[in-house]
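Notes follow once the structure below has been shown.
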Amino acid sequence: MTLFAALRLPREILFGKGQRHALPAVARRLGQRALVCTDARLAATPVFGEMMAALKAASIEVLVHDGVQPDVPRDSVALCADEVRSFQPDLVIGIGGGSCLDMAKCVSLLLAHGGALQDYYGEFKVPGSVLPIIAVPTTAGTGSEVTPVAVVSDPERTLKIGVSSPFLIPSAAICDPDLTMTCPPSLTAIAGADAMTHAIEAFTAARKPPGHELAQQNVFIGKSALSDQFALYAIRLLGRSLEKAVADGSDESARADVMMGALAAGCAFGTAGTAAAHAVQYPAGALTDTAHGLGVATMLPYVMSYNRRVSASAFAEVGEALGLAPTGSTDEQADAAIREVSRLFAAIGITLTLAALGLTADQIDWTCEQAIGIQRLVKNNPRAIDLAGMHQLVQAAFDGDLAAAAR
């Protein structure tokens, strides 16, 4: 018997129009003193004010920290934790994009266990439960509302750093597509392409020997039966609606599909993990100061081409989930899937090459050296990749040559 699966998710996931109104009831079950992490723009909106009023009407004491910055600078986490410790929150609510959710995770960690955030970099460094977290995303992309990861920027390192632990999975995720209706087209595109990358990399991640120790020793375990189902569902929803949501942000059905796609992709990669597209984005994104979702999406068609020789059947399934008719050989179907991902990303404005992102030729070697060192991602890639293979991949993405990536 070879069937194997593992999955780690929040205790409660609520999805649907108007589900934000369930926040007070969910919060009451977890505590009575809530720290809310958000950014200044969202904090000034009427919908945020309504949510805070609803919490207070439910007799929940609320302290709002509205200073969340993009990419969560490491020291901003410590400052927030120090400022709110006297409030003695018993739960933390993150409302906003991925940075707001990651801030909530990190502050919850420091309030529960103290120390410095860098003490927890890597996998399985969190010693125990953190304060209960409720994640309320207002963008559809990162999947942070259901994942065991928080990413921060460290001023002492060039690359962004992750804290990965099942203890960081929020207790509850409340996903209301109405909260994404005001996202501008560019953000909708980048966030949605990030979600598509999560889903495809999770579905095509390396399959590991399914011993009982696999999920105990690794936060990310590669593809498995259950994560595959979430990944395919995400690909199907994003494939049919991401382009529509970018073109018409008032399309409620498309917005719901994209948010559910991002959620399902998070459910998939939160256990399966991601791979080479993310490994390259960390150094390339640091050098070019580009959005994470834009960088991983730029890389994805090239990574798919690199992996095609070992993942053709999986890419054929991706193509079917994208709505392509399964005609021709498996290899032909895989090629069609890669072309469709490239077409979709071009249609929504994703940058086509690393050069267009701003990477320069003299930065390629450093990018490859740094990317190959991110082993938690590299080992998840279905086709083995060494430094020479990484150089082949990055050079192809720099030149815009999909065929070169596949060699």
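Would you calculate, for the chain, the mean residue ellipticity at 222 nm contributed by helices, counting each DSSP H stretch of 4 or more residues as -39,500 (n - 2.57) and dividing by all residues, to the nearest 500? Mind dumping the intermediate values first?
Numbers: 17 runs with 213 residues, N = 407.
Dividing the helical sum by the residues of the chain leaves -16500 deg cm²/dmol.
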> Contour minus end-to-end for residue 339 and residue 403, with contour as 0.36 nm per residue of separation and end-to-end as the Cα-Cα distance?
Replying inline: 21.9 nm
> Could you give the nm distance between label points at residue 366 and residue 129, where each point is 7 Å from its Cα heading toward the beta carbon?
Replying inline: 4.5 nm
> Can you give the convex hull volume per residue for the Cα atoms of the stretch 1-155, as a whole number of Å³?
Replying inline: 137 Å³
> For the chain, with the dipole built from +1 on Lys and Arg beta-carbon atoms and -1 on Asp and Glu ones, taken about the Cα centre, which of 129, 168, 366 lies farthest toward the positive end?
Replying inline: 129
>> I'd like to compare 129-139, 40-50, 318-328, 385-395: which one has the highest average count of other Cβ atoms within 10 Å, and what's the full order after that?
In response: 129-139, 385-395, 318-328, 40-50
>> Only bridges whose two residues both fall in the chain count here: according to DSSP, what percent of them are antiparallel, nearest 5?
In response: 20 percent
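Out of the total accessible area of the stretch 6-49 (probe 1.4 Å, heavy atoms of protein only), what percent is carbon and sulfur?
For the stretch 6-49, the apolar C and S fraction of the accessible surface comes to 53 percent.
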> Peptides 70-79, 293-302: what's the order by average Cβ count within 10 Å, highest mean first?
Replying inline: 293-302, 70-79
> Only one of the listed values, [x] 33, 23, 20; [y] 35, 30, 20; [z] 40, 26, 21, was derived from the coordinates as semi-axes √(5λ) of the Cα gyration tensor in Å; which label is it?
Replying inline: [x]
> Going toward the positive end of the dipole of the stretch 199-321, with +1 on Lys and Arg Cβ and -1 on Asp and Glu Cβ, which of 203, 241, 296 do you reach last?
Replying inline: 203
> Cα-Cα pairs above 24 Å in the stretch 111-221: how many percent?
Replying inline: 37 percent
>> Quick check: from the Cα gyration tensor, does the stretch 54-119 come out rounded (a/c under 1.5), prolate or oblate?
In response: oblate
> Hey, if you put +1 on the Cβ of every Lys and Arg and -1 on every Asp and Glu Cβ in the chain, which of 395, 98, 346 ends up farthest toward the positive end of that dipole?
Replying inline: 98
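What is the gain in length, in nm to one decimal, between residue 207 and residue 119 on full extension, counting 0.36 nm per residue of separation less the C-alpha to C-alpha distance?
Length difference between fully extended and current span is 28.6 nm.
Rounding to the nearest 20 debye, state how big the charge dipole of the stretch 1-128 is about its Cα centre with +1 on each Lys and Arg Cβ and -1 on each Asp and Glu Cβ.
500 debye
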> In debye to the nearest 20, how big a dipole does the chain give about its Cα centre with +1 on each Lys and Arg Cβ and -1 on each Asp and Glu Cβ?
Replying inline: 860 debye
> When you count, for each residue, the other Cβ atoms within 10 Å and take the mean per peptide, how do 262-270, 91-99, 241-249, 11-19 rank with the highest first?
Replying inline: 262-270, 91-99, 241-249, 11-19
> How big is Rg to Rh over the stretch 292-365, alpha-carbon atoms, Rh as the Kirkwood inverse-mean-distance radius?
Replying inline: 1.04
> If you put +1 on each Lys and Arg Cβ and -1 on each Asp and Glu Cβ, how big is the dipole of the stretch 127-238 around its Cα centre, in Debye rounded to 20?
Replying inline: 300 debye
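The values are calculated or read from the model by the stated rules, or taken from the named source; none is laboratory data. Here the structure is a predicted model, which means the values were calculated and not measured. Cβ sites come from the backbone with ideal geometry, for glycine too, and all protein chains shown count toward neighbours. We work out accessible area using only protein heavy atoms, side chains counted, and drop any ligands, DNA or RNA first. Shrake-Rupley method; radii C 1.70, N 1.55, O 1.52, S 1.80 Å.
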